[in-house]
Amino acid sequence: MDLQQQNRHLYSRAGFGISLTAFTTPLPVDQLAGSLFPSSSPEPLIVVSVAEWALNSPKAMKAMQDDAARKEMKKAFRERTKDLNLLWLQAMVHTQFPLVEKTALFWHGHFATHLDNPWFDQLLLNELRRNALGNFGELLVAVSKSPAMLQFLNNRQNKKQHPNENFAREVMELFTLGRGHYTEDDVKEAARAFTGWSFDEDGIFVFNEKQHDAGPKKFLGRTGNFNGDDILGILLQQKQTAIFITQKLYRYFVSDEHINDKHIKQLAGEFYDSNYDIAALLRTIFTAPWFYTDAVMGAKIKSPVHLLVGYQRMLPMQFRQGSTLINLQRVLGQHLFSPPNVAGWPGGRYWIDNSSLAIRMRLPEALFRSKELNLSSKETVKEMTDAHGPVTMDTQPAKPFKVGKAEVDWTAFMAAWKGLARQNVAAALAAYLLPVSLTQAQLDMVITFADNSSDESYIKSITILLMQLPEYQLS
């Protein structure tokens, strides 16, 4: 495998796709992998100010006398979630360190919430981004004390007299140990430890001591007057936590289906010994020889967000209308801040069905040829249930919408390929756009449908045709 292919693969897995500049100036893998990690945390993404939240908080809403005005304010405030969605997408497109946003997207699915509260979403998102490549223990504590998670999993209702087990159960099943590594008694005792965890009007964590059960508890074989911090600490002491998180990160960055138990065991051991250093774990993965084998290359299906962001990172383009990006997320099955349930998005083959694949393969021409395409596929609405049984499916016809036109700077893109002899253009573009090699017969088929009227038309049409192939859906 040549250096360009290795670089392309790494940029796709550790980000959302390689840029033309990076593709034409490849670096040794060790050097490139090292450059992916920033020395500081990203700037927070802000669409809701403290002052705006003060006007829209439950206390402020309750004080309003005009019901109609209150309803309009609530509606306008909820729209800010769309603004946060689009702002995060723009950060993914334009960031110098896409690994931060790609990993934050992983944590967004791992610590899934669905609240319709842009202030809480904003607070949680910035914690995920700030800690994306940091220490998992610190991230776990920050998320566990966030108003988004405490509200979503009902821990404000977890009081000494009436324990609520939702958060205690999910912190073990979904966030740390995984199913089968704790008992129902562990859930009950952990719930008692988390009593009193809440937040104030500003979304700041508070501990209500009067609502806390301070009695002795037995958890995972240990006994003590544990509080919530103690429980999280005990969970982090379990090697199973390192194994569970490593398995999920492996599936996300390496392969959904081909899991190498030997690799997982080694990685999880190093992760645990490093005290849960996320960046160190990812560096090991990205510099491992097995990460660049045929079994791993092209072995993942791009998520909808990866697909939409990748369009904009690999080609100099932008969407004219933010509504197009929102609608496409819904139709393709990954709407930011609206995961299907508390377990997040399953990923893998979940991303593709007959309807979504057809949409994916029609999109490049609609977007890049500035054509409008009516999408009248069915949108799957998943009820917000827990992760302990089949998700209730309620399939309803989606409202048809037109894919907005995209602005593509074809002049800048053409400059990278114009010096090539025409017979070499298809192969060169395929090497840039696709994670797997095409046969000569496949290339010939693409060339057959190309526009030969000019060099520019030829390059443009080959690009669009390649992006319509099923292979483009792979990473």
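The values are calculated or read from the model by the stated rules, or taken from the named source; none is laboratory data. Computed from a predicted model, the values in this text were never measured in an experiment. Positions of Cβ are generated from backbone atoms using ideal geometry, with glycine treated the same way; all protein chains shown enter the neighbour counts.
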Q) Can F23 be described as of a type outside the set (A, V, I, L, M) and under 22 Å from the mean Cα position of the chain (by Cα)? A) no
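Counting only residues that are of a type in the set (S, T, N, Q) and either touching a Phe, Trp or Tyr at 6+ places or on another chain (Cβ under 6 Å) or touching a residue at least 40 places away in the same chain (Cβ under 8 Å) (or both), how many does the stretch 252-280 have?
Looking only at the stretch 252-280, we keep the residues that are of a type in the set (S, T, N, Q), and these are 255, 260, 266, 274-275.
Within this subset, residues satisfying the condition of being either touching a Phe, Trp or Tyr at 6+ places or on another chain (Cβ under 6 Å) or touching a residue at least 40 places away in the same chain (Cβ under 8 Å) (or both) are 255, 275.
Qualifying residue count for the region: 2.
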(Q) Please determine whether any residue of the stretch 283-302 is surrounded by 17 or more Cβ atoms within 10 Å (Cβ to Cβ) and farther than 28 Å from D2 by Cβ. (A) no
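Out of P26, P98, P42, report the one residue that is touching a residue at least 60 places away in the same chain (Cβ under 8 Å), closer than 27 Å to M317 by Cβ and either of a type in the set (K, R) or not assigned by TED's automatic domain parsing to the domain that holds M149 (or both).
Working: P26 fails: touching a residue at least 60 places away in the same chain (Cβ under 8 Å); P98 fails: either of a type in the set (K, R) or not assigned by TED's automatic domain parsing to the domain that holds M149 (or both).
P42 is the lone residue from the list that is touching a residue at least 60 places away in the same chain (Cβ under 8 Å), closer than 27 Å to M317 by Cβ and either of a type in the set (K, R) or not assigned by TED's automatic domain parsing to the domain that holds M149 (or both).
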Q.
So, A104, is that one free of Cβ contacts under 8 Å to residues at least 40 places away in the same chain, buried (at least 17 other Cβ atoms within 10 Å of the Cβ) and in contact with a Leu (Cβ under 8 Å, 6 or more places away or on another chain) or not?
A. yes
Q: Could you tell me whether F120 is in contact (Cβ under 8 Å) with a residue 12 or more places away in the chain, over 22 Å from the mean Cα position of the chain (by Cα) and not assigned by TED's automatic domain parsing to the domain that holds Y250?
A: no
Q | Positions within the stretch 39-96 being of a type in the set (A, V, I, L, M) and not in a helix (DSSP H, G or I), in sequence order | A | L45, I46, V47, V48, M64
**Q.** Residues being β-branched (V, I, T), more than 14 Å from L315 (Cα to Cα) and surrounded by 11 or more Cβ atoms within 10 Å (Cβ to Cβ) - total across the stretch 401-454
**A.** 5
**Q.** Subset of the stretch 166-182 (residues that are out of contact with any Ser or Thr (no Cβ under 7 Å at 6 or more places or on another chain) and surrounded by 18 or more Cβ atoms within 10 Å (Cβ to Cβ))
**A.** N166, F167, A168, R169, E170, M172, E173, L174, F175, Y182
Q.
I264 - would you say it is aliphatic (A, V, I, L, M), out of contact with any strand residue (DSSP E or B) (no Cβ under 6 Å at 6 or more places or on another chain) and within 25 Å of S146 (Cα to Cα)?
A. no
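Take the stretch 252-292 and flag every residue that is outside any helix (DSSP H, G or I) and either assigned by TED's automatic domain parsing to the domain that holds P435 or over 24 Å from W351 (Cβ atoms) (or both). Even if it seems obvious, please write down each step before you answer.
We begin by selecting, within the stretch 252-292, every residue outside any helix (DSSP H, G or I); these are 254-260, 274-277, 288.
Hits for the stretch 252-292 are S274, N275, Y276, D277, A288.
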Q) Could you say which residue among D185, D121, D202, D116 is part of a helix (DSSP H, G or I) and surrounded by fewer than 23 Cβ atoms within 10 Å (Cβ to Cβ)? A) D185
Q) Residues in the stretch 124-131: is at least one farther than 22 Å from E52 by Cα, free of Cβ contacts under 8 Å to residues at least 60 places away in the same chain and surrounded by fewer than 22 Cβ atoms within 10 Å (Cβ to Cβ)? A) no
Q: Scan the stretch 214-236 and report the pairs whose first residue is touching a residue at least 40 places away in the same chain (Cβ under 8 Å) and whose second residue is of a type in the set (D, E), with Cβ atoms within less than 6 Å and a gap of 6+ or a chain change.
A: none
